[in-house]
Amino acid sequence: MSKIDFLALEDWSPDAVDGLLRLAARVKRGEITGGLERKVLAMVFMDPSLRTRTSFETAMFLHGGHGVVLEPGKGSWPLETEPGAVMDGETVEHIIDAARVLGRYADALGVRSFPRGGDWAVARQDAIVRNFARYCEKPVINLESARRHPCQGLADAMTLREKLGMTEGKRFVLTWAWHPKALPTAVPASAALAAAGLGMEIVIARPPGYELDPEDTASIRRLAQERGGEFVHIIDDPDDALVGADAVYVKSWGSVKLYGRPEEESALRSGLRDWRLTPNRLRSTRGGKGVVMHCLPVRRNVEIDDAVLDGPNSVVVDQAENRLHVQRALLLELIGNAGSSRQVTSAATGDTPT
Amino acid sequence: MSKIDFLALEDWSPDAVDGLLRLAARVKRGEITGGLERKVLAMVFMDPSLRTRTSFETAMFLHGGHGVVLEPGKGSWPLETEPGAVMDGETVEHIIDAARVLGRYADALGVRSFPRGGDWAVARQDAIVRNFARYCEKPVINLESARRHPCQGLADAMTLREKLGMTEGKRFVLTWAWHPKALPTAVPASAALAAAGLGMEIVIARPPGYELDPEDTASIRRLAQERGGEFVHIIDDPDDALVGADAVYVKSWGSVKLYGRPEEESALRSGLRDWRLTPNRLRSTRGGKGVVMHCLPVRRNVEIDDAVLDGPNSVVVDQAENRLHVQRALLLELIGNAGSSRQVTSAATGDTPT
Amino acid sequence: MSKIDFLALEDWSPDAVDGLLRLAARVKRGEITGGLERKVLAMVFMDPSLRTRTSFETAMFLHGGHGVVLEPGKGSWPLETEPGAVMDGETVEHIIDAARVLGRYADALGVRSFPRGGDWAVARQDAIVRNFARYCEKPVINLESARRHPCQGLADAMTLREKLGMTEGKRFVLTWAWHPKALPTAVPASAALAAAGLGMEIVIARPPGYELDPEDTASIRRLAQERGGEFVHIIDDPDDALVGADAVYVKSWGSVKLYGRPEEESALRSGLRDWRLTPNRLRSTRGGKGVVMHCLPVRRNVEIDDAVLDGPNSVVVDQAENRLHVQRALLLELIGNAGSSRQVTSAATGDTPT
């Protein structure tokens, strides 16, 4: 099998990611048209999406292709993932067959499947997206799973480069924020991995009990070190967090330790409303000019104050726009027509594990 | 900001509307192909739609563009509209951010948001569609709000011209009809504004208690007079209503006075089943040849009898088809590529308030 | 009216079906591009679909056209089908008007409407799809109704030809399988009609009480005989069923006799779990090489064992892929642009009843 999937940023080599980002910059400048003629991307959304589906559907169209959006709804397409299962219960189709068939209709497959509570040891396997990749003969793109949101990570990386220029050694602060719900950790893990891949100094600020999955923390640390950056420290105070930051990534997420125990998680979270990015805290960033990032949607005046979101430091709308451009680059790389007007970088084809 | 929105027919100058209608006629005759290459329309349907989304999606495609359909469902994308809100409750995204981001992916944005009961003083503000227009940097098209359905109004105007030729001074009768539900007033208000803009004599027939919003009635009267037509009278008898009519627009709507008080509204409406367009009543139109219009879907034998709908006076299917053509013209006008095969009328760019 | 619908395989002449299958083979080999430029297919799904909508949407796109997908949801677009109905109840639109309007926007209309329980004498009329065909001025394609799934039947026929070469006189076994739910009979009836049209020997194996609708059985018998095949017998033993089979079509369906009496049907079905295609049973096919077909989704290890589905006899993924190619051919035939690169076979235009 020579196909390449895009399930997590760290599955691709740093050079391959760098190639994507350079291609995305060219795409954004309008240097590349076409390249996806007669190509179809089928997107399976187990969970709702507005931004992701709009940006992917637009990406396909802008280069001559077509995106098919399948929204079976919240869990309404109960797929079997266990090999050998006797399917006399609730699951109506095995992922083996779903993946094989969609691979015959489309040139690539996008899959979104959020965690559904229960046991983190199960959820962290990302069984739905991993099995689609295993059984589909065409490239599979992770549109957000329990563990990763690599398209968001790509957009984050592109935005960091645009706003900071050279990223090596600059300080990236991922800071937890309060939110009325316990959200998944896919976005914060992917953002930190993106920044680590750019050789940045990584700081993670979160209240005690809100550590990321230990394997994710280890991956971030390892990648940062490989790329010449550093995993400086983990901070548990929202005021100390932002000191000297070149970029501040605000995000709320639920406690991994208390995953599947919503009452306990909610009780722990209830005392943490002070974790909010205010204009005052923003002043402690490097020269008061740290850029403010968020994947959106954002709870205004809960995660981030209006004055910050609507002020000069915020780059959240550019960041959202970059979703479109990195995805155009990704699609051109994965399924682009040979001989299209782009210069194929082939950056992903050498050393990418699949 | 040089962008132009299409939120209500009367926001555009009569000349601009006239330019759209002439462009729509050329589009319908097949004189114009292309013009929307690489253009994307994102449509946000807070409420369901079959006709509107099919006609807009087809309109984009026929000229080389693409329509993205977002259907968050009935209220399932709880958008915050209050400036400065502390979003720790049910709303998950502020319309400021939604509008800004969608404006980065798409070249124009369509928004449908029906009234949701409660207080008419609130609903009549059309906060969702007005705020999308305010915060989105791209043109916003009203796909039906509490107050207006201007795309329907455009199709109504095109149909009146097609069927009546010169419209000035001819009689347009908007007549209420019974319906088991209390429907919004966006369509009747928009239809009367469309006819007024064509210089027609306007008659509104409705039972006592079913007056339109006073501001809408005033706008209709003012526009009719400006265009050389007249607001003849308001009639409260379904038999008298149609005398001398050149066009009869049948539509049911709920009482604005009793908005948010469904039991009282239902009690008032219950005695009004006689408000139905019958073949007998049709005879009192001018020469018995008045054209019969309805925006569809229509409750057969409740709003209009089968014999009328399937008879020679009915133009309802042509009227529905014209949705497609006026929307093609609108999109070419708002976001059409310069140098496309159409001759850009620029009718909207001069004196249009935005 | 010169328009041609595609509501049931047997509505088309054998020559017309043969023409479609030959066109589909050319399409699959990549010999035909384009042909649907500026064409729109509107698909109305009263019931959910992933495969059908993906394959049709892809089919339109690959030839330059566009598919609009309308998913009013499970019964959420209550259409009136009775002529003359006084629509003061739950139905919001008459199918007369829906069909007429969609026919103005699109070049062809696809309709899916499953049976909804109640009375089989009513359900078997296929009122929704038949009325859409009656009132729409454009071709209507049945995307699966209570009685027929002709696009699946076409894909079945294409697959039989691909896998068996000459089909005349070869043995086609349609065998019932257990399933936790009582499924419709549209697929088994259509599959047997497809095989009959290829001149195959038809065997139907099912438990007593699971006979198809008598009219369907008669149609299968008549078509088989006309095409030089034979309706050999009906078998009520899952072991005897497969002897000498060249092709085995596994499918579960509910009892037509007990339609609308779910408790009785469930009780009858409960003792029939042994109806499952096992590797052992597969050995009794001709030379152990009978091809195994299923329309998917399939309940693994309930309808068919893993070892069969993942073994060399299974052609279910090719069969699913062929949905795409037969539909491309069908669309080219029904609404393809004259002068496109394909050689129009015109096979359907001579003797096709509409």
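The values are calculated or read from the model by the stated rules, or taken from the named source; none is laboratory data. Predicted model only: the values in this text are computed from it and were never measured. Cβ sites come from the backbone with ideal geometry, for glycine too, and all protein chains shown count toward neighbours.
Starting from residues that are part of a loop (DSSP other than H, G, I, E, B) and in contact with an Asp or Glu (Cβ under 7 Å, 6 or more places away or on another chain), keep the ones in region A:179-197 and report whichever is nearest to A:Glu144 (Cα to Cα). Walk me through it before giving the result.
Applying the first criterion (part of a loop (DSSP other than H, G, I, E, B)) to region A:179-197 yields A:179-185.
Those still in the list that are in contact with an Asp or Glu (Cβ under 7 Å, 6 or more places away or on another chain) too: A:179-180, A:182, A:185.
Numbers: A:His179: 19, A:Pro180: 21, A:Ala182: 16, A:Thr185: 10 Å.
Within region A:179-197, the match that is nearest to A:Glu144 (Cα to Cα) is A:Thr185.
Could you tell me whether C:Leu62 is surrounded by 21 or more Cβ atoms within 10 Å (Cβ to Cβ), over 26 Å from B:Leu62 (Cα atoms) and more than 21 Å from the chain's Cα centre (by Cα)?
On the way: surrounded by 21 or more Cβ atoms within 10 Å (Cβ to Cβ): yes; over 26 Å from B:Leu62 (Cα atoms): no; more than 21 Å from the chain's Cα centre (by Cα): yes.
For C:Leu62, the condition - surrounded by 21 or more Cβ atoms within 10 Å (Cβ to Cβ), over 26 Å from B:Leu62 (Cα atoms) and more than 21 Å from the chain's Cα centre (by Cα) - is not met.
Can you give me the ranges of the helices (runs of 4 or more DSSP H) entirely in region A:102-174 with at least 1 residues that are within 14 Å of chain C (Cβ to nearest Cβ) and crowded, with 19+ Cβ neighbours inside 10 Å?
Values: elements: A:120-123, A:127-135, A:150-164.
Where helices (runs of 4 or more DSSP H) fall fully within region A:102-174 and carry at least 1 residues being within 14 Å of chain C (Cβ to nearest Cβ) and crowded, with 19+ Cβ neighbours inside 10 Å, they are A:127-135.
Name every residue in region B:13-32 that is touching a Leu at 6+ places or on another chain (Cβ under 8 Å) and either small (Gly, Ala, Ser) or in a loop (DSSP other than H, G, I, E, B) (or both), in order of residue number.
B:Ala24, B:Ile32
Search region A:143-161 for residues that are within 16 Å of A:Leu7 (Cα to Cα) and pair each with any residue that is among the charged types (D, E, K, R) and surrounded by 24 or more Cβ atoms within 10 Å (Cβ to Cβ) when their beta-carbon atoms are under 6 Å apart and the residues are at least 6 apart or on different chains.
Listed by first residue and then by second, the contacts come to A:Ala155/A:Arg323.
Quick one: in region B:84-101, of everything that is facing chain A (nearest Cβ under 8 Å) and assigned to a loop (DSSP other than H, G, I, E, B), which residue is nearest to A:Val326 (Cα to Cα)?
So the residue we want is B:Val92.
Matching residues to (1) part of a loop (DSSP other than H, G, I, E, B); (2) at pLDDT 95 or above:
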residue	(1), (2)
B:Ile234	no, no
B:Asp239	yes, no
B:Glu263	no, yes
B:Arg269	no, yes
B:Ser284	yes, yes
B:Val292	no, yes
B:Gln319	no, yes
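In this structure, does C:Glu71 turn out to be more than 7 Å from chain B (Cβ to nearest Cβ) and either under 26 Å from the mean Cα position of the chain (by Cα) or without any contact (Cβ under 8 Å) to a residue 40 or more places away in the chain (or both)?
Values: more than 7 Å from chain B (Cβ to nearest Cβ): yes; either under 26 Å from the mean Cα position of the chain (by Cα) or without any contact (Cβ under 8 Å) to a residue 40 or more places away in the chain (or both): yes.
Yes; evaluated as a whole, the condition is true for this residue.
Only one residue in C:Leu21, C:Leu9, C:Leu41 is crowded, with 18+ Cβ neighbours inside 10 Å, in contact with a helix residue (DSSP H, G or I) (Cβ under 7 Å, 6 or more places away or on another chain) and within 14 Å of chain B (Cβ to nearest Cβ). Which one? Write out each step before concluding.
On the way: C:Leu21 fails: within 14 Å of chain B (Cβ to nearest Cβ); C:Leu9 fails: within 14 Å of chain B (Cβ to nearest Cβ).
Result of the check over C:Leu21, C:Leu9, C:Leu41: C:Leu41.
If C:Leu50 satisfies every condition in (1) closer than 24 Å to C:Ile128 by Cβ; (2) aliphatic (A, V, I, L, M); (3) more than 12 Å from chain A (Cβ to nearest Cβ); (4) crowded, with 19+ Cβ neighbours inside 10 Å but one, which is the exception?
It is condition (3) that C:Leu50 fails.
Taking region C:263-303 as the search range and keeping residues that are of a type in the set (A, V, I, L, M, F, W, C) and at the interface with chain A (Cβ under 10 Å from one of its Cβ atoms), which one is surrounded by the most Cβ atoms within 10 Å (Cβ to Cβ)? Please lay out each step first, then the result.
Step one: list which residues in region C:263-303 are of a type in the set (A, V, I, L, M, F, W, C), which gives C:267-268, C:272, C:275, C:277, C:282, C:291-293, C:295-296, C:298, C:302.
From what's left, at the interface with chain A (Cβ under 10 Å from one of its Cβ atoms): C:296, C:298, C:302.
Values: C:Leu296: 19, C:Val298: 24, C:Val302: 20.
The extreme case among them is C:Val298.
Looking at region C:79-97, which of its residues are within 24 Å of B:Met43 (Cβ to Cβ) and without any contact (Cβ under 8 Å) to a residue 40 or more places away in the chain? Reasoning before the result, please.
At the first step, the residues of region C:79-97 found to be within 24 Å of B:Met43 (Cβ to Cβ) are C:79, C:92-93, C:97.
Matches in region C:79-97: C:Val92, C:Glu93, C:Asp97.
So which residues in region C:33-68 are out of contact with any His (no Cβ under 9 Å at 6 or more places or on another chain), part of a helix (DSSP H, G or I) and free of Cβ contacts under 8 Å to residues at least 24 places away in the same chain?
Correct list: C:Arg53, C:Thr54.
What pairs come out if I take residues in region C:315-330 that are facing another protein chain (nearest Cβ under 7 Å) and pair them with residues that are modelled with pLDDT of 95 or more and not in a helix (DSSP H, G or I) whose C-beta lies under 6 Å away, six or more apart or interchain?
Pairs found: C:Ala320/C:Leu296.
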